[in-house]
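Trainee: Pasting in a structure now, in C-alpha coordinates, and then I'll have a few things to ask.
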Amino acid sequence: MGFRRHGPFQAGDQVQLTDPKNKRHTITLKEDGVFHTHKGAIPHSDLIGQPEGSVVRSSGGTQYLAFRHLLQDYTLAMPRGAAVIYPKDASMIVGMADIFPGARVIEAGVGSGALTCFLLRAVGPDGHVTSYERRQEFADVASKNVQKFFGDPMDDNWRLVVGDLVASIDESDVDRVILDMLAPWECVDAAAKALTPGGVICCYVATTTQLSKTVETIRDHGCFTEPHAWETLVRDWHVEGLAVRPDHRMIGHTGFLVTARRMADGVTPPPRRRRPKGTTEEL
(Lines give C-alpha, C1' and ligand atoms only; values in the text may rest on other atoms or scores of the structure.)
Protein backbone atom coordinates (compact mmCIF):
# COMPACT_ATOMS: atom_id res chain seq x y z
CA MET A 1 0.00 0.00 0.00
CA GLY A 2 2.10 2.85 -1.31
CA PHE A 3 -0.33 5.77 -1.01
CA ARG A 4 1.57 8.90 0.04
CA ARG A 5 0.66 10.20 3.49
CA HIS A 6 3.27 12.97 3.94
CA GLY A 7 5.66 15.28 2.10
CA PRO A 8 4.93 18.05 -0.43
CA PHE A 9 1.85 17.67 -2.61
CA GLN A 10 2.39 15.86 -5.90
CA ALA A 11 0.26 15.11 -8.94
CA GLY A 12 -2.01 12.17 -8.10
CA ASP A 13 -2.40 13.12 -4.43
CA GLN A 14 -5.89 13.48 -2.97
CA VAL A 15 -6.10 16.85 -1.22
CA GLN A 16 -8.81 18.19 1.07
CA LEU A 17 -9.53 21.91 0.75
CA THR A 18 -11.38 23.61 3.64
CA ASP A 19 -12.93 27.06 3.24
CA PRO A 20 -13.54 29.64 6.02
CA LYS A 21 -17.00 28.13 6.69
CA ASN A 22 -15.39 24.69 7.23
CA LYS A 23 -16.86 23.30 4.01
CA ARG A 24 -14.56 20.63 2.64
CA HIS A 25 -13.77 19.58 -0.91
CA THR A 26 -11.57 16.64 -1.94
CA ILE A 27 -9.69 16.86 -5.23
CA THR A 28 -7.12 14.67 -6.99
CA LEU A 29 -4.20 16.80 -8.16
CA LYS A 30 -3.35 16.92 -11.86
CA GLU A 31 -0.57 18.86 -13.55
CA ASP A 32 -3.04 20.87 -15.67
CA GLY A 33 -6.06 20.55 -13.38
CA VAL A 34 -8.24 23.38 -12.09
CA PHE A 35 -10.65 23.28 -9.14
CA HIS A 36 -13.75 25.39 -9.82
CA THR A 37 -16.15 26.72 -7.19
CA HIS A 38 -18.62 29.62 -7.07
CA LYS A 39 -15.88 31.42 -5.12
CA GLY A 40 -13.42 31.22 -7.98
CA ALA A 41 -10.91 28.79 -9.49
CA ILE A 42 -7.75 27.25 -8.03
CA PRO A 43 -5.16 25.82 -10.44
CA HIS A 44 -3.77 22.55 -9.13
CA SER A 45 -0.31 23.90 -9.93
CA ASP A 46 -0.77 26.32 -7.01
CA LEU A 47 -0.80 23.27 -4.71
CA ILE A 48 1.73 20.93 -6.33
CA GLY A 49 5.04 21.24 -4.53
CA GLN A 50 3.55 22.96 -1.50
CA PRO A 51 3.74 21.36 1.98
CA GLU A 52 0.64 20.11 3.79
CA GLY A 53 -1.04 22.79 5.86
CA SER A 54 -0.57 25.43 3.16
CA VAL A 55 -3.15 28.10 2.34
CA VAL A 56 -4.18 28.61 -1.27
CA ARG A 57 -6.32 31.47 -2.57
CA SER A 58 -9.01 31.14 -5.27
CA SER A 59 -9.34 33.65 -8.11
CA GLY A 60 -12.26 35.13 -6.16
CA GLY A 61 -10.08 35.79 -3.13
CA THR A 62 -11.31 33.00 -0.84
CA GLN A 63 -8.62 31.21 1.15
CA TYR A 64 -8.56 27.41 1.45
CA LEU A 65 -6.54 25.32 3.88
CA ALA A 66 -4.97 22.30 2.15
CA PHE A 67 -4.26 18.92 3.74
CA ARG A 68 -4.31 15.32 2.65
CA HIS A 69 -7.58 14.00 4.01
CA LEU A 70 -7.68 11.78 7.08
CA LEU A 71 -9.26 8.35 6.81
CA GLN A 72 -12.24 9.50 8.88
CA ASP A 73 -12.86 12.39 6.47
CA TYR A 74 -12.58 10.13 3.45
CA THR A 75 -15.02 7.51 4.73
CA LEU A 76 -17.68 10.09 5.58
CA ALA A 77 -17.42 11.67 2.12
CA MET A 78 -17.00 8.52 -0.01
CA PRO A 79 -19.68 7.47 -2.53
CA ARG A 80 -22.12 5.07 -0.90
CA GLY A 81 -23.96 2.03 -2.09
CA ALA A 82 -24.87 1.11 1.48
CA ALA A 83 -24.63 2.99 4.78
CA VAL A 84 -21.11 3.26 6.15
CA ILE A 85 -19.89 2.40 9.63
CA TYR A 86 -19.10 5.73 11.28
CA PRO A 87 -15.48 6.44 12.25
CA LYS A 88 -16.39 6.34 15.95
CA ASP A 89 -17.54 2.72 15.55
CA ALA A 90 -14.83 1.69 13.08
CA SER A 91 -12.14 2.95 15.45
CA MET A 92 -13.73 1.06 18.34
CA ILE A 93 -13.77 -2.12 16.25
CA VAL A 94 -10.08 -1.69 15.45
CA GLY A 95 -9.28 -1.05 19.11
CA MET A 96 -11.65 -3.32 21.03
CA ALA A 97 -11.36 -6.23 18.58
CA ASP A 98 -7.57 -5.75 18.72
CA ILE A 99 -6.91 -5.59 14.97
CA PHE A 100 -3.12 -5.79 14.93
CA PRO A 101 -0.42 -5.50 12.22
CA GLY A 102 -0.14 -8.82 10.42
CA ALA A 103 -3.59 -10.06 11.49
CA ARG A 104 -5.74 -12.25 9.26
CA VAL A 105 -9.25 -10.77 9.31
CA ILE A 106 -12.59 -11.80 7.82
CA GLU A 107 -15.19 -9.10 7.26
CA ALA A 108 -18.77 -9.95 6.29
CA GLY A 109 -20.97 -7.14 5.00
CA VAL A 110 -18.54 -4.84 3.19
CA GLY A 111 -21.15 -2.15 2.48
CA SER A 112 -19.40 0.84 0.90
CA GLY A 113 -15.92 -0.13 2.11
CA ALA A 114 -15.48 2.29 5.02
CA LEU A 115 -14.68 -0.35 7.65
CA THR A 116 -12.57 -2.21 5.09
CA CYS A 117 -10.28 0.82 4.83
CA PHE A 118 -9.85 0.91 8.62
CA LEU A 119 -9.14 -2.83 8.75
CA LEU A 120 -6.59 -2.71 5.94
CA ARG A 121 -4.83 0.23 7.55
CA ALA A 122 -4.67 -1.68 10.86
CA VAL A 123 -3.40 -5.04 9.54
CA GLY A 124 -0.75 -3.34 7.42
CA PRO A 125 1.14 -4.81 4.45
CA ASP A 126 1.85 -8.08 6.28
CA GLY A 127 -1.79 -8.74 7.21
CA HIS A 128 -4.76 -9.83 5.13
CA VAL A 129 -8.46 -8.95 5.00
CA THR A 130 -11.09 -11.05 3.22
CA SER A 131 -14.37 -9.20 2.71
CA TYR A 132 -17.64 -10.99 1.92
CA GLU A 133 -20.52 -9.07 0.36
CA ARG A 134 -23.76 -10.60 -0.91
CA ARG A 135 -24.71 -7.79 -3.30
CA GLN A 136 -22.62 -7.14 -6.41
CA GLU A 137 -23.56 -3.45 -6.59
CA PHE A 138 -22.29 -2.84 -3.05
CA ALA A 139 -19.10 -4.79 -3.77
CA ASP A 140 -18.45 -2.64 -6.86
CA VAL A 141 -18.80 0.61 -4.87
CA ALA A 142 -16.62 -0.72 -2.03
CA SER A 143 -13.90 -1.85 -4.44
CA LYS A 144 -13.68 1.59 -6.03
CA ASN A 145 -13.63 3.36 -2.65
CA VAL A 146 -10.89 1.16 -1.21
CA GLN A 147 -8.74 1.34 -4.33
CA LYS A 148 -9.12 5.11 -4.49
CA PHE A 149 -8.00 5.62 -0.90
CA PHE A 150 -4.96 3.35 -0.97
CA GLY A 151 -3.99 4.31 -4.48
CA ASP A 152 -2.57 1.01 -5.74
CA PRO A 153 -3.62 -2.63 -6.32
CA MET A 154 -4.73 -4.44 -3.18
CA ASP A 155 -4.35 -8.04 -4.38
CA ASP A 156 -1.63 -8.89 -1.87
CA ASN A 157 -3.62 -8.23 1.30
CA TRP A 158 -7.28 -7.78 0.34
CA ARG A 159 -9.72 -10.25 -1.22
CA LEU A 160 -13.29 -9.26 -1.99
CA VAL A 161 -15.72 -12.17 -2.35
CA VAL A 162 -19.22 -11.63 -3.72
CA GLY A 163 -21.32 -14.22 -1.92
CA ASP A 164 -22.73 -15.36 1.39
CA LEU A 165 -20.19 -15.89 4.17
CA VAL A 166 -21.61 -19.21 5.35
CA ALA A 167 -21.73 -20.65 1.82
CA SER A 168 -18.45 -19.17 0.54
CA ILE A 169 -16.00 -19.13 3.47
CA ASP A 170 -12.85 -21.14 2.89
CA GLU A 171 -10.45 -19.71 5.50
CA SER A 172 -9.29 -21.24 8.78
CA ASP A 173 -7.10 -20.12 11.67
CA VAL A 174 -8.03 -16.47 11.16
CA ASP A 175 -7.44 -13.98 13.96
CA ARG A 176 -10.59 -11.86 13.79
CA VAL A 177 -14.08 -12.09 12.30
CA ILE A 178 -16.11 -8.87 11.92
CA LEU A 179 -19.82 -9.22 11.12
CA ASP A 180 -21.76 -6.17 9.87
CA MET A 181 -25.11 -7.50 8.63
CA LEU A 182 -28.80 -7.78 9.45
CA ALA A 183 -28.55 -11.27 10.98
CA PRO A 184 -25.01 -11.88 12.28
CA TRP A 185 -26.27 -14.75 14.46
CA GLU A 186 -26.62 -16.81 11.28
CA CYS A 187 -22.84 -16.64 10.82
CA VAL A 188 -21.69 -17.36 14.39
CA ASP A 189 -21.03 -21.05 13.74
CA ALA A 190 -19.09 -20.30 10.54
CA ALA A 191 -17.07 -17.70 12.44
CA ALA A 192 -16.29 -20.22 15.18
CA LYS A 193 -14.97 -22.71 12.64
CA ALA A 194 -12.80 -20.10 10.95
CA LEU A 195 -11.32 -18.51 14.09
CA THR A 196 -8.15 -19.69 15.75
CA PRO A 197 -8.37 -20.29 19.54
CA GLY A 198 -8.04 -16.88 21.20
CA GLY A 199 -9.45 -15.11 18.15
CA VAL A 200 -12.11 -12.43 18.42
CA ILE A 201 -15.58 -12.21 16.90
CA CYS A 202 -17.02 -8.70 16.67
CA CYS A 203 -20.59 -7.94 15.54
CA TYR A 204 -22.07 -4.56 14.62
CA VAL A 205 -25.88 -4.31 14.89
CA ALA A 206 -28.30 -1.40 14.83
CA THR A 207 -31.27 -2.44 17.00
CA THR A 208 -31.83 -3.88 20.46
CA THR A 209 -33.65 -6.86 18.94
CA GLN A 210 -30.60 -7.69 16.82
CA LEU A 211 -28.37 -7.11 19.83
CA SER A 212 -30.31 -9.57 22.00
CA LYS A 213 -30.40 -12.27 19.31
CA THR A 214 -26.68 -11.90 18.59
CA VAL A 215 -25.61 -12.03 22.23
CA GLU A 216 -27.79 -15.04 23.04
CA THR A 217 -26.58 -16.94 19.97
CA ILE A 218 -22.92 -16.35 20.83
CA ARG A 219 -23.61 -17.25 24.46
CA ASP A 220 -25.40 -20.49 23.58
CA HIS A 221 -22.93 -21.59 20.92
CA GLY A 222 -20.46 -22.96 23.45
CA CYS A 223 -17.21 -21.98 21.72
CA PHE A 224 -16.98 -18.40 22.92
CA THR A 225 -16.41 -16.49 26.12
CA GLU A 226 -19.23 -14.41 27.61
CA PRO A 227 -20.08 -11.74 24.98
CA HIS A 228 -19.50 -8.08 25.79
CA ALA A 229 -22.00 -5.56 24.38
CA TRP A 230 -21.75 -1.76 24.33
CA GLU A 231 -22.23 1.41 22.29
CA THR A 232 -20.14 4.56 21.92
CA LEU A 233 -21.48 8.11 22.06
CA VAL A 234 -19.38 11.08 20.96
CA ARG A 235 -19.95 14.63 22.20
CA ASP A 236 -17.87 17.60 21.06
CA TRP A 237 -17.08 20.55 23.34
CA HIS A 238 -17.19 24.26 22.60
CA VAL A 239 -14.02 25.92 23.95
CA GLU A 240 -13.40 29.68 23.57
CA GLY A 241 -11.53 31.27 26.46
CA LEU A 242 -13.59 30.70 29.60
CA ALA A 243 -16.67 29.74 27.59
CA VAL A 244 -16.32 25.96 27.93
CA ARG A 245 -19.45 23.86 27.50
CA PRO A 246 -20.73 20.74 25.74
CA ASP A 247 -21.67 21.28 22.12
CA HIS A 248 -25.37 21.44 21.34
CA ARG A 249 -25.14 18.49 18.96
CA MET A 250 -23.52 15.08 19.36
CA ILE A 251 -23.13 11.78 17.52
CA GLY A 252 -25.49 9.58 19.50
CA HIS A 253 -26.63 6.06 18.71
CA THR A 254 -25.37 4.57 15.48
CA GLY A 255 -25.05 0.91 16.44
CA PHE A 256 -24.14 -1.65 19.08
CA LEU A 257 -20.93 -3.65 19.19
CA VAL A 258 -20.58 -7.19 20.56
CA THR A 259 -17.27 -8.97 21.09
CA ALA A 260 -16.30 -12.41 22.37
CA ARG A 261 -13.23 -14.66 22.18
CA ARG A 262 -12.92 -18.10 20.65
CA MET A 263 -12.06 -20.77 23.21
CA ALA A 264 -10.04 -23.90 22.54
CA ASP A 265 -11.88 -26.86 21.02
CA GLY A 266 -13.56 -29.09 23.59
CA VAL A 267 -13.45 -26.50 26.36
CA THR A 268 -16.66 -25.69 28.22
CA PRO A 269 -16.96 -22.11 29.46
CA PRO A 270 -17.27 -21.73 33.24
CA PRO A 271 -20.88 -21.13 34.34
CA ARG A 272 -21.80 -17.49 34.74
CA ARG A 273 -22.23 -16.32 38.32
CA ARG A 274 -24.83 -13.69 39.00
CA ARG A 275 -25.18 -11.37 41.98
CA PRO A 276 -28.04 -12.56 44.22
CA LYS A 277 -31.00 -10.20 44.47
CA GLY A 278 -30.89 -7.83 47.42
CA THR A 279 -27.11 -7.97 47.90
CA THR A 280 -24.22 -5.79 46.80
CA GLU A 281 -21.46 -8.27 47.58
CA GLU A 282 -19.21 -9.12 44.64
CA LEU A 283 -19.08 -12.80 43.79
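The values are calculated or read from the model by the stated rules, or taken from the named source; none is laboratory data. Note that the structure is predicted; figures quoted are calculated from it, not measured. In this analysis, Cβ positions are derived from the backbone assuming ideal geometry, glycine residues included, and neighbour counts consider all displayed protein chains. Surface areas here come from the heavy atoms of the whole protein model, side chains and all, with no ligands, DNA or RNA. Shrake-Rupley method; radii C 1.70, N 1.55, O 1.52, S 1.80 Å.
Trainee: Take region 53-75 and flag every residue that is open to solvent by less than 80 Å² (accessible area, probe 1.4 Å) and either among the aromatic types (Phe, Trp, Tyr) or under 12 Å from the mean Cα position of the chain (by Cα) (or both).
Mentor: Answer for region 53-75, where residues must be open to solvent by less than 80 Å² (accessible area, probe 1.4 Å) and either among the aromatic types (Phe, Trp, Tyr) or under 12 Å from the mean Cα position of the chain (by Cα) (or both): 64, 71, 73, 74, 75.
Trainee: Right, another one. Give 170, 175, 156 a once-over and let me know the one that is in contact with a Lys or Arg (Cβ under 7 Å, 6 or more places away or on another chain) and acidic (Asp, Glu).
Mentor: None of the others qualify; the one that does is 175.
Trainee: What tally of residues in region 98-108 results from selecting those that are of a type in the set (Gly, Ala, Ser) and surrounded by fewer than 23 Cβ atoms within 10 Å (Cβ to Cβ)?
Mentor: Final tally of qualifying residues: 2.
Trainee: I'd like the full set of residues that are surrounded by 18 or more Cβ atoms within 10 Å (Cβ to Cβ) and free of Cβ contacts under 8 Å to residues at least 40 places away in the same chain, limited to region 79-88.
Mentor: Answer for region 79-88, where residues must be surrounded by 18 or more Cβ atoms within 10 Å (Cβ to Cβ) and free of Cβ contacts under 8 Å to residues at least 40 places away in the same chain: 84, 87.
Trainee: Search region 168-183 for residues that are in contact (Cβ under 8 Å) with a residue 40 or more places away in the chain and more than 26 Å from residue 211 (Cβ to Cβ) and pair each with any residue that is open to solvent by less than 40 Å² (accessible area, probe 1.4 Å) and part of a strand (DSSP E or B) when their beta-carbon atoms are under 9 Å apart and the residues are at least 6 apart or on different chains.
Mentor: 171/106; 171/130; 173/195; 173/196; 173/199
Trainee: In this structure, does residue 125 turn out to be under 9 Å from the mean Cα position of the chain (by Cα) and open to solvent by 10 Å² or more (accessible area, probe 1.4 Å)?
Mentor: no
Trainee: Across region 1-47, what is the total count of residues that are among the β-branched types (Val, Ile, Thr), more than 17 Å from residue 72 (Cα to Cα) and open to solvent by less than 50 Å² (accessible area, probe 1.4 Å)?
Mentor: Matching residues across region 1-47 total 2.
Trainee: Going through region 218-232 one residue at a time, which ones are open to solvent by less than 40 Å² (accessible area, probe 1.4 Å) and either among the β-branched types (Val, Ile, Thr) or touching a Gly at 6+ places or on another chain (Cβ under 8 Å) (or both)?
Mentor: Scanning region 218-232 gives 218, 232.
Trainee: Return a yes/no flag: does region 129-138 have any residue that is farther than 23 Å from residue 255 by Cβ and either open to solvent by 10 Å² or more (accessible area, probe 1.4 Å) or not in a loop (DSSP other than H, G, I, E, B) (or both).
Mentor: The answer is yes; a qualifying residue exists.
Trainee: Restricting attention to region 154-175, and to residues there that are open to solvent by 20 Å² or more (accessible area, probe 1.4 Å), more than 15 Å from residue 192 (Cβ to Cβ) and assigned to a loop (DSSP other than H, G, I, E, B), which single residue is modelled with the highest pLDDT?
Mentor: If we take residues in region 154-175 being open to solvent by 20 Å² or more (accessible area, probe 1.4 Å), more than 15 Å from residue 192 (Cβ to Cβ) and assigned to a loop (DSSP other than H, G, I, E, B), then 164 is modelled with the highest pLDDT.
Trainee: Let me ask something additional. Within region 139-153, can you find the residues that are surrounded by 15 or more Cβ atoms within 10 Å (Cβ to Cβ) and over 23 Å from residue 70 (Cβ atoms)?
Mentor: 139
Trainee: Check whether at least one residue in region 189-202 is open to solvent by 20 Å² or more (accessible area, probe 1.4 Å) and part of a loop (DSSP other than H, G, I, E, B), and report yes or no.
Mentor: Scanning region 189-202 turns up no residue that is open to solvent by 20 Å² or more (accessible area, probe 1.4 Å) and part of a loop (DSSP other than H, G, I, E, B).
Trainee: Can you tell me which residues in region 238-267 are farther than 30 Å from residue 214 by Cβ and not in a loop (DSSP other than H, G, I, E, B)?
Mentor: If the condition is that a residue be farther than 30 Å from residue 214 by Cβ and not in a loop (DSSP other than H, G, I, E, B), then 238, 239, 240, 243, 244, 245, 246, 247, 248 are the ones that fit.
Trainee: Only one of 93, 178 is at pLDDT 95 or above and assigned to a strand (DSSP E or B); which?
Mentor: So the residue among 93, 178 that is at pLDDT 95 or above and assigned to a strand (DSSP E or B) is 178.
Trainee: OK, next. Can you name the strands (runs of 3 or more DSSP E) wholly within region 1-78 that have at least 1 residues being free of Cβ contacts under 8 Å to residues at least 40 places away in the same chain?
Mentor: Output list reads 24-28, 34-37, 40-43, 54-57.
Trainee: Here's a follow-up. What is the number of the single condition among (1) open to solvent by less than 60 Å² (accessible area, probe 1.4 Å); (2) closer than 22 Å to residue 91 by Cα; (3) in contact (Cβ under 8 Å) with a residue 40 or more places away in the chain that residue 208 does not meet?
Mentor: If we test residue 208 against (1) open to solvent by less than 60 Å² (accessible area, probe 1.4 Å); (2) closer than 22 Å to residue 91 by Cα; (3) in contact (Cβ under 8 Å) with a residue 40 or more places away in the chain, just (1) comes out false.
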